[in-house]
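Trainee: Have a look at this one.
Bear in mind that the values in this text are calculations on the coordinates, not laboratory data. Owing to the predicted nature of the structure, the values given are computational and were not obtained by experimental measurement. Cβ atoms come from the backbone with ideal geometry, glycine included; neighbour counts cover every protein chain shown.
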Amino acid sequence: MKTFYNHLHAQHQGKVEMFRGALVPCFEVPARADHVLAELKRRQLGTVQNPHAFDDSALTAIHSPRYLNFLATAWDQWVALDPANADKDILPSVWPTRTFRTDIEPDNFAAKVGLYSYDAGSPFTSGTWVAARAGAHCALSAAQQLVLGDRASFALSRPPGHHAGMDFFGGYCFLNNAALAAQHLRNAGMKKVAVLDVDYHHGNGTQAIFYDRPDVFFASIHGDPRTEYPFYLGHADEKGQGAGLGTNLNLPLPRGTNYATWAQALDTALAAIQAFGAEALVVSLGMDTFEGDPISGFTLKSDDYLRVGERLAKAGLPTAFVFEGGYAVEEVGINAVNVLQGFTG
Ligand code: SP5
Ligand code: ZN
C-alpha cells in the first residue's frame, strides 16, 4: 500500500482553540501525523511518497472559488490589518446565523472569517493554506492510485477534512480531503463511489457536499449529535435529498459505545455500500473512536482496529484511506496502522 505524505502538514500548527470560554491548547497537532508516519516505517507497511502536483482547479470540483480565494489570501489579509497579528492565529468570533445574508462577502476581515467558518475551535495559521493544500494533494494522489489499479492507498495528511464544506471551515478542517478523493474517482470514470466516515464526529462537510448526489454514497458512524460535536447534523433521519435521496446513511451511537456495538454499525454501513453498488471506497479514517481519546466518548481498543481493517477489506472494494481525527497522540500511530495492517492482512 502506498502512503502519500507531505512534511508541509507541520506548517499548520494552531496555538489555541476556544473551549468553554477559555483558549486551550489545540488538540489537532503536527505530532499526530508524525506518530503515524513513524509507526508505518517501524512496521514497514508499504511505501511512503510525496503527493503528486495538482492544479488548484482540482479543488474547485468541491470547493467554491470565493472560499478557495479566501483560504489562499486570509493570512496576508490578517497581517495587513496589523503586523503584530503575525504572532497570533486567526479565530472567528462572529457568524451569520438564520436571517442573515451570506451571498455578499463583507469587506471586513473578521466578518469574512465568520462567513467561511462555523466554530471558534479551528485556528487559521500562517501555514494553514500551504498545509491544507498539500494534504488535499495527498488525498487526490491516494485516489489516483486506485484509478491506476491499486487495491488500497493512504493519505496521511493534516489538517483533517471531513467537517469542511463547499465553502466553510470548522472542526479543525479546511479542505474536504475525502470529498476531493471521491470526486477524483468519479472524474476518472468510476460510476458510483462511497465515502465511509468512521471518525468519532459526524462528517457534516462530506454529507453536505454529496447530499443531493446519486453517484456518491455517504455513510457515517459517529457520536450522537444530540450530545457530540458537530451537533447540528448527523441524525439518523438524514437520508439525502432530490436525486440523492437514499444515498446518505447516518448511524449515530451514544457516548460509551464499545467495539461490539460499533462493529455492528460498521457491518450495516458496509452492507448499504455494497447494495448501492460502489466501485470504490474512500474511508475517512478518524482514530478518535479510541478509548483513550481526550475529546471523544467511544471505547475502542488498539487491537480492535486490526479487526476494523479486516472487516473493511472483506467489502472487496478498492479503498483509499484518508486520515481524519484522533487526538490520543501517543497511540494514534499504532491505532491507524492497525487498521491498515488489518486491511492488508
Ligand atoms: C476532525 C475532528 O475530529 N474534528 C473534531 C473537532 C472537535 N471540536 C470540538 C472539540 C471540543 C473539545 N472539547 C474538549 C474537552 C476536554 N475535556
Ligand atoms: Zn473527529
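Trainee: Please give the net charge around I104, taking every other residue with its beta carbon less than 12 angstrom from that of I104, where Lys and Arg add +1 and Asp and Glu add -1.
Mentor: It works out to a net charge of 0.
Trainee: On to the next question. Could you calculate the FRET efficiency of D212 with E279 from 1/(1 + (r/R0)^6), where r is the beta carbon distance between them and R0 is 22 Å, rounded to 0.05?
Mentor: E(calc), rounded to 0.05, equals 0.60.
Trainee: May I pose another question? State to the nearest 20 debye the size of the charge dipole of segment 75-187 about its Cα centre, where the only charges are +1 on K and R beta carbons and -1 on D and E beta carbons.
Mentor: Working: 8 positive and 10 negative charges, 89 e Å.
Computed charge dipole of segment 75-187: roughly 420 debye.
Trainee: What FRET efficiency would be calculated for the residue pair D87, A61, taking the C-beta separation as r and a Förster radius of 35 Å, to the nearest 0.05? Spell out each step's value before the answer.
Mentor: Details: r = 36 Å, r/R0 = 1.02.
Plugging the Cβ-Cβ distance into 1/(1 + (r/R0)^6) gives 0.50.
Trainee: In segment 1-93, which trypsin sites (Lys or Arg not before Pro) are in a loop and have at most 11 other Cβ atoms within 10 Å, using DSSP for the loop call?
Mentor: Numbers: sites: K2, K15, R20, R32, K41, R42, R43, R66, K88; in loops: K15, R20, R43, K88.
Hits after loop and neighbour filter: R20.
Trainee: Taking chymotrypsin sites (Phe, Trp or Tyr not before Pro) as exposed when DSSP calls them loop (any state but H, G, I, E, B) and at most 11 other Cβ atoms lie within 10 Å, what is the longest stretch of the chain free of them, the sites themselves excluded?
Mentor: Details: sites that count: F100, Y232.
Within the chain, the longest run free of exposed chymotrypsin sites (Phe, Trp or Tyr not before Pro) spans 101-231.
Trainee: Figure the gain on full extension for Y232 and L245 (residue separation times 0.36 nm, minus the Cα-Cα span) and round it to one decimal in nm.
Mentor: Numbers: separation 13, 0.36 × 13 = 4.68 nm, distance 1.96 nm.
Gain in length upon complete extension: 2.7 nm.
Trainee: Same structure, new question: Taking the Cα centre of the chain as the origin and placing charges on Cβ (Lys, Arg +1; Asp, Glu -1), which of I104, S126, G292 is farthest toward the positive end of the dipole?
Mentor: Going by the Cα projections, it comes out as G292.
Trainee: For each of L175, L185, L37, count neighbouring Cβ atoms within 10 Å of the residue's Cβ, then give the residues from fewest to most.
Mentor: Least to most surrounded, the residues fall as L37, L185, L175.
Trainee: Between Q44 and I295, what's the calculated FRET efficiency when r is the beta-carbon distance and R0 is 22 Å? Round to 0.05.
Mentor: It comes to 0.10.
Trainee: What percent of all Cα-Cα pairs in segment 201-275 falls into each 5 Å bin, going from 0 up to the bin containing the maximum distance?
Mentor: 3, 18, 27, 24, 18, 7, 2, 0
Trainee: So if I place +1 on the C-beta of Lys and Arg and -1 on the C-beta of Asp and Glu, and nothing else carries charge, what would the dipole magnitude of segment 2-344 be about its Cα centre? I want it in debye, nearest 20. Numbers along the way, then the final one.
Mentor: Working: 26 positive and 35 negative charges, 118 e Å.
For segment 2-344, the charge dipole is close to 560 debye.
Trainee: Across segment 286-293, in residue order, what do the Karplus-derived ³J(HN,Hα) couplings come to in whole Hz, using 6.51 cos²θ - 1.76 cosθ + 1.60 with θ = phi - 60° and x for Gly and Pro?
Mentor: So the Karplus estimates, Gly and Pro as x, are x, 9, 8, 7, 5, 4, x, 5 Hz.
Trainee: If the convex hull of the alpha-carbon atoms of segment 142-241 is projected onto planes in all directions, what is the mean projected area in square nanometres?
Mentor: 6.3
Trainee: Moving on to the next point. Please label the shape of segment 56-185 as rounded, prolate or oblate, based on the square roots a ≥ b ≥ c of the eigenvalues of the alpha-carbon gyration tensor (a/c under 1.5 means rounded; beyond that, a/b larger than b/c means prolate, else oblate).
Mentor: Since a/c reaches 1.5 and a/b is larger than b/c, the shape of segment 56-185 is classed as prolate.
Trainee: Just want to confirm a number: the relative contact order over segment 2-344, from Cα pairs under 8 angstrom separated by 6+ residues, in percent.
Mentor: Details: 778 pairs, mean separation 64.3, N = 343.
Reported relative contact order: 19 percent.
Trainee: Counting other C-beta atoms within 10 Å, which of D293, D87 has the fewest, and how do the rest follow?
Mentor: Least to most surrounded, the residues fall as D87, D293.
Trainee: Shape call for segment 2-344 from the C-alpha gyration tensor, a ≥ b ≥ c root eigenvalues: rounded (a/c under 1.5), prolate (a/b greater than b/c) or oblate?
Mentor: Numbers: a/c = 1.39, a/b = 1.32, b/c = 1.05.
In terms of gyration-tensor shape, rounded.
Trainee: Here is a follow-up. My understanding is that a pair violates if its Cα-Cα distance is over 25 Å; which of K191/K314; K191/K239; K41/K88; K88/K112; K15/K112; K41/K192 do that in this structure?
Mentor: Table pairs above 25 Å Cα-Cα are K41/K88; K41/K192.
Trainee: Residue by residue, what Karplus-based ³J(HN,Hα) values in Hz, rounded to whole numbers, does segment 59-68 have, using 6.51, -1.76 and 1.60 with θ = phi - 60° and x for Gly and Pro?
Mentor: Those phi angles translate into 7, 6, 5, 10, 9, 6, x, 5, 5, 4 Hz.
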